[in-house]
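The values are calculated or read from the model by the stated rules, or taken from the named source; none is laboratory data. Small disclaimer: the values here were computed from a predicted structure and weren't measured. No Cβ is skipped: glycine too gets one built from the backbone with ideal geometry, and neighbour counts run over all protein chains shown.
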Amino acid sequence: MYIAPRIESGAGAIRLLRDLPGRVLVCTMELPWHLVQEQMSWSPDHVHFVGDMDLETVERLNRELPECDVVVGIGGGSSVDTAKYIAWKRACRMVLVPSIVSVDAPLTYTVGVRVDKTVQYVGLIFPEELIIDHTLIQRAPAFLNQAGACDIASIHTALFDWRLAHQDKGEPYYEEVAAMAQDCLDELDRNAAEIYNVTAKGIDTIVDLYRREVKFCCEIDTSRPEEGSEHIVAYHMEHLTRRHFVHGDLVALGILAMSKLQNNRPEYALDLMERCGLRYECPDASLEEIRRSVAGLRAFKDQAGLFYSVVDTAPVTEEVVQYVSEKVEQKRRG
């Protein structure tokens, strides 16, 4: 059963942390912790600087970190997920303070850990207390916050794949949920300029859209409304390179490629990503890696046993690969 979060949002909202009772354990990284200290003086009982998210690492942390009444996650996805893991294991109060809004981890009810360099989701803990400090978030590079639009923009290609799986395989499909997902995509479209400029409204829009998306996905127990073939591109790139990327970059690349493969208004998808500031050119990957991540989708999808999508029904032709290459090269040239 979905549990809605209580969200405190505004400039300087992190000052609420000073009122937390009992023993407070903070999970963070050096940069976000430094930015918090610049805004206010606060000395919790223990501060842990997060490293990797390997399952064995977080299991060890839960055993070795001091006891606490409240665990606070301050930072990006790794800081938030570490706090979620410890709070889940210890059944203690949890407060999450994202320093960027590049991923939906502060709103989701599972914890992303890595097992043999592959992400797996464990646990069940609903984030019930969020602090969204506009001042803190706006200190991050703009592209990291713009990247937060990716898992809403992905609804464009994910809904296509979900309907296809229903039509071809009889997979459960809910018109009312699809309509709610489309409403989220339309809201993103209307607020693209706010998201691009990382305004207070843009930040709050991303957080609220994540909240809505997590809620309806939880209620039908599937991420199908926002996770489709575009995410397979992301998973394939990580598998091919064994490197870490900004999640939004990979998903945006997937939206670029799969909207073309689906023949699903690729011009609209490209325009929306441009207006939100999504880096579909995936600057941390080579052009050859991008070409391979698209061209080899079907073999990877079959090997990994991933969900049914357009990858199962439409061959990834050289025309599709060339389309992606051209758009990426154009974007990189400016």
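Quick notes on this structure:
- Matching residues in segment 176-218 - criterion: being crowded, with 18+ Cβ neighbours inside 10 Å, touching a residue at least 60 places away in the same chain (Cβ under 8 Å) and farther than 25 Å from residue 160 by Cα: 196, 198, 203, 204
- Residue among 36, 58 that is more than 23 Å from residue 112 (Cα to Cα), outside any loop (DSSP other than H, G, I, E, B), touching a strand residue (DSSP E or B) at 6+ places or on another chain (Cβ under 9 Å) and in the same structural domain as residue 113 (by TED's automatic domain parsing): 36
- Number of positions in segment 284-324 that are of a type in the set (S, T, N, Q) and over 21 Å from residue 242 (Cα atoms): 4
- Matching residues in segment 240-269 - criterion: being under 19 Å from the mean Cα position of the chain (by Cα) and farther than 21 Å from residue 315 by Cα: 242, 243, 244, 245, 246, 247, 248, 249
- So residue 47, is it free of Cβ contacts under 8 Å to residues at least 40 places away in the same chain and hydrophobic (A, V, I, L, M, F, W, C): yes
- The set of residues in segment 202-242 being out of contact with any Cys (no Cβ under 6 Å at 6 or more places or on another chain) and of a type in the set (S, T, N, Q) consists of 205, 222, 229, 241.
- Number of residues in segment 16-34 that are surrounded by 15 or more Cβ atoms within 10 Å (Cβ to Cβ) and either in contact with a Lys or Arg (Cβ under 6 Å, 6 or more places away or on another chain) or not aliphatic (A, V, I, L, M) (or both) equals 5.
Residue-by-condition table, conditions (1) out of contact with any helix residue (DSSP H, G or I) (no Cβ under 7 Å at 6 or more places or on another chain); (2) assigned to a helix (DSSP H, G or I); (3) of a type in the set (Phe, Trp, Tyr); (4) surrounded by fewer than 24 Cβ atoms within 10 Å (Cβ to Cβ):
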| site | (1), (2), (3), (4) |
| --- | --- |
| 44 | yes, no, no, yes |
| 78 | yes, yes, no, yes |
| 96 | no, no, no, no |
| 102 | no, no, no, no |
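- Residues that are in contact with a strand residue (DSSP E or B) (Cβ under 9 Å, 6 or more places away or on another chain) and either charged (D, E, K, R) or under 16 Å from residue 2 (Cβ atoms) (or both) within segment 125-139 comprise 125, 127, 128, 129, 130, 133, listed in sequence order.
- Pairing residues of segment 1-25 that are closer than 17 Å to residue 93 by Cα with residues that are surrounded by 12 or more Cβ atoms within 10 Å (Cβ to Cβ) and of a type in the set (Gly, Ala, Ser), at Cβ distances under 9 Å and at least 6 apart in sequence or on separate chains, gives 25/83.
- Helices (runs of 4 or more DSSP H) within segment 117-168 that include 3 or more residues under 18 Å from the mean Cα position of the chain (by Cα): 142-146, 150-153
- Output for segment 169-183, where each listed residue is touching a helix residue (DSSP H, G or I) at 6+ places or on another chain (Cβ under 9 Å) and in a loop (DSSP other than H, G, I, E, B): 171, 172, 173, 174
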